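The structure that follows is given in the form of C-alpha cells.
The values are calculated or read from the model by the stated rules, or taken from the named source; none is laboratory data. As the structure is a prediction and not an experimental result, all values here were calculated from the model. Glycine also receives a Cβ, built like all others from the backbone with ideal geometry; neighbour counts cover every protein chain displayed.
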Amino acid sequence: MATENQQNQQIPQEDIGHLIQIRRDKLKALQDAGRDPFEIVKFDQRQHSSDVRDRFDALEIALPTDAEGKTIHPAWEDIPEEKRISLAGRLMSKRVMGKASFCHVQDLEGRIQCYVTRDELGEDEYAAFKKMDIGDIVGVLGYAFRTKTGEISVHVKELTLLSKSLQPLPEKFHGLTDTEIRYRQRYVDLIMNADVRETFRKRSRILQEIRSFLSERGFMEVETPILVSNPGGAAARPFATHYNALDEDVKLRISLELYLKRLIVGGLERVYEIGRVFRNEGVDTRHNPEFTLMELYQAYTDYQGMMELTESMFRYLAQTVLGSTTFSYQEIELDFGKPFARMTMNECVKKYAGVDFDTVSTDEEAKALAREHHVAFEDRHKKGDIINLFFEEFCEKELIQPTFIMDHPIEISPLTKKKPGCPGKVERFELFINTWEMCNAYSELNDPIDQRERFAAQEAAAAAGDEEAEHTDEDFLNALSVGMPPTGGIGYGIDRLVMLLTNASSIRDVLLFPTLKSVPNQ
C-alpha cells in the first residue's frame, strides 16, 4: 500500500502518523460513549446534491420572521414532507465560526454546502460536529435555502456521523496527483477528482447505450465460459491455470468468438456478449492484459452488414453520450456524422507505402519488397503476413478519421470467409479511428472442411514458433458440421471506445483497477 507521505505530499510523515492517531482516539471516545458510528446500519438517503440544486425552486420554503425581523426556522416536523432534505455523503470541508459553521458534503452527484448551527443541533451535537474530520461520512436532515451570496445550501436540522474516516485524505490544495497512487488507490482518486468520477459514470452510460442500441436491433445478450481448454478466436498468448477438481490445465479466454458462434449454430440468430478477456501481453497506453471485449454475431448477414451496424452504433453513441457526432479527442476533431471512409488493405498500402501488392504473386516477391522498404519479417511469413506488416508500418498512423480497412489476406484471417473472385483475400474489415484499431469483423467462415484446413495452417505456424497461433478446436468443428448459417460477426475493444468518448489519454484512465505490478506487503 502506498505510504501516507505519498498520499499527502505536503504533510511530513510524522504529522500523518499523529493525525491518524488523533482520529483513532476520536473513534475510541465515541465508542466509549456508546456512539460507535460503525454500528449504524442504514440512513434514509432521499436526495442527492444535484436533486437539491435542480429542484431548488420546488424545495425552498418561505421562512417567516418575528417582530424584530429575525428569521424563524421551522421545526423538522413542521417542514412539509415533500420539502424535507435527507442526504448523505463525505465531509469534504468544514469552516467553524463559533455558534455557526459551514461544511461541504460530497455524494455521487457532487458537493453541496451545509449550514450547521448550535441552536439547531444543540450544545452536545454541535460539539460532536466540530470534532468530525474531513473524510467522515455523514447523514444530513434539513431544508434547502440560498445564502446571502446566492449559494444553494442545506440548513441542517440534524447531522449524524455514519462512518469514521481513520485515514486523512490528500492535502486539499494539491489533491491526489501522483498517477501511480491514483491507479493503485482508485477509491481515493474517485473521492478527490470529479473528472475521474465523471469518466466512469460516462463509461457506464456508454455500456447502457450499447445495450439499448443492440436491443432495438433484436440482439440477445449472453454469457460464455471464461475458463476454457482451448482458447481461440484471436491471435494472442493466453494465461494458464489449473483446475484442481478436474486435475486439468485450462486457459483464460482470449476471445468470445467460438462459443458465440456455437450459439448461432443453435439457432440464436443475434447474440452478443460484453465481458472480460485475458491476453498475456504487454501493458501500454492502449493495452491492458485484462480488458473488456464485446463480440456480436448476426445470422444471414455478412461483413457489409457489420459495417452498417458499426457505423450506425458509433454515430448513435456519440450523439447520445456526447450530444454531437463531432467531438474532439486530445485536440483532434473527429467526425462521426460523415459516412466512414472505406479502403481495402491493399489500396491503403498502395496509398501510403507506394507498393501495389495486387501485382505481387509470390511469397519471395513480397519478402524482397519488405527488404527494400526495411520492413522486418520472419522466414515463416507469407505474402499475406508481409502485406499486414506493411500496413502496420506505413498505414495505421495515417488513419485518423473513421476508416474501414477491408479485404485482409487469408493468412492472417483463419476464421473468415474467402472473398469470391479475389484469391488470397477474405471478407474482413477493421475500423480505425485516431490510428487505433477499434473493431475487427468478418463474414464468418461456416465451411467445416475449409475451417479444418485453416486450423491445420495455424498448427503449422505454431510448430514454427508462432506463440499466438490458434489450435484446432474439434468441438467447434463439430458445431460447424451441424451447420451454421451465413453470419456476420464483429469484436469491439470497449476500453478504447470509452477512451475516445471520454477524451482519456491512457487505457488505465478508463479502467477502475488497471493492471499494475504488485507492491511488496500491499
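Can you tell me which residues in segment 453-471 are closer than 16 Å to A234 by Cα, part of a helix (DSSP H, G or I) and not aliphatic (A, V, I, L, M)?
Scanning segment 453-471 gives R454, F455, Q458, E459.
Look through segment 451-485, keep the residues that are polar (S, T, N, Q) and within 33 Å of the chain's Cα centre (by Cα), and return whichever of them is surrounded by the most Cβ atoms within 10 Å (Cβ to Cβ).
Q458
Please specify each residue of segment 65-91 satisfying the condition of being surrounded by 14 or more Cβ atoms within 10 Å (Cβ to Cβ) and more than 22 Å from K42 (Cβ to Cβ).
Result: H73, P74, K83.
Would you say D133 is assigned to a loop (DSSP other than H, G, I, E, B), buried (at least 16 other Cβ atoms within 10 Å of the Cβ) and not aliphatic (A, V, I, L, M)? Show your work before the answer.
Details: assigned to a loop (DSSP other than H, G, I, E, B): yes; buried (at least 16 other Cβ atoms within 10 Å of the Cβ): yes; not aliphatic (A, V, I, L, M): yes.
Criteria met by D133.
For the condition in the same structural domain as I61 (by TED's automatic domain parsing), in a loop (DSSP other than H, G, I, E, B) and on the phi < 0 side of the Ramachandran plot, what is the one hit in L159, L166, L91, L141?
Going through L159, L166, L91, L141 in turn, just one is in the same structural domain as I61 (by TED's automatic domain parsing), in a loop (DSSP other than H, G, I, E, B) and on the phi < 0 side of the Ramachandran plot: L166.
Now, a different point. Looking only at segment 486-522, count how many residues are in a strand (DSSP E or B), small (G, A, S) and within 20 Å of the chain's Cα centre (by Cα). I'd like the intermediate steps shown before the answer.
Taking segment 486-522 first, the residues in a strand (DSSP E or B) are 487-493.
Then keep just the ones that are small (G, A, S); that gives 488-489, 491, 493.
Pick out the ones that are also within 20 Å of the chain's Cα centre (by Cα) and you get 491, 493.
Residues meeting the conditions: 2.
For segment 323-410, which helices (runs of 4 or more DSSP H) that fit wholly inside it have 2 or more residues that are within 24 Å of L500 (Cα to Cα)? Talk me through it step by step, then tell me what you get.
Values: elements: 345-353, 363-372, 383-390.
In segment 323-410, the matching helices (runs of 4 or more DSSP H) lie at 345-353.
For (1) touching a Phe, Trp or Tyr at 6+ places or on another chain (Cβ under 6 Å); (2) under 30 Å from Q304 (Cβ atoms); (3) not assigned by TED's automatic domain parsing to the domain that holds Y329, each residue gets a yes or a no:
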position	(1), (2), (3)
T487	yes, yes, no
G493	no, yes, no
M499	no, yes, no
K517	no, no, yes
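Give S255, S312 a once-over and let me know the one that is crowded, with 20+ Cβ neighbours inside 10 Å and of a type in the set (S, T, Y).
Testing whether each residue is crowded, with 20+ Cβ neighbours inside 10 Å and of a type in the set (S, T, Y) leaves just S255.
Tell me which residues, restricted to segment 193-204, are surrounded by 14 or more Cβ atoms within 10 Å (Cβ to Cβ) and either touching a Leu at 6+ places or on another chain (Cβ under 9 Å) or assigned to a strand (DSSP E or B) (or both).
N193, V196, R197, F200, K202, R203
Are any residues in segment 392-410 more than 20 Å from A370 (Cα to Cα), among the β-branched types (V, I, T) and surrounded by fewer than 22 Cβ atoms within 10 Å (Cβ to Cβ), and if so, which ones? Full working, then the answer.
Kept after step one, since they are more than 20 Å from A370 (Cα to Cα), are these residues of segment 392-410: 399-407.
Then keep just the ones that are among the β-branched types (V, I, T); that gives 400, 403, 405.
I400, T403, listed by residue number.
Is there a residue being without any contact (Cβ under 8 Å) to a residue 40 or more places away in the chain and under 17 Å from A75 (Cβ atoms) anywhere in segment 138-154?
no
Here's a check for you: in segment 414-450, which residue that is in a strand (DSSP E or B) and among the aliphatic types (A, V, I, L, M) is surrounded by the fewest Cβ atoms within 10 Å (Cβ to Cβ)?
Taking the candidates together, the pick is M438.
If a residue has to be surrounded by fewer than 16 Cβ atoms within 10 Å (Cβ to Cβ) and over 20 Å from D57 (Cα atoms) to count, how many in segment 139-159 make the cut?
The number of residues fulfilling the criteria is 1.
For every residue, the table says whether it meets (1) more than 21 Å from E311 (Cα to Cα); (2) hydrophobic (A, V, I, L, M, F, W, C).
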| residue | (1), (2) |
| --- | --- |
| D335 | no, no |
| T344 | no, no |
| V355 | yes, yes |
| T362 | yes, no |
| A368 | yes, yes |
| F377 | yes, yes |
| R380 | yes, no |
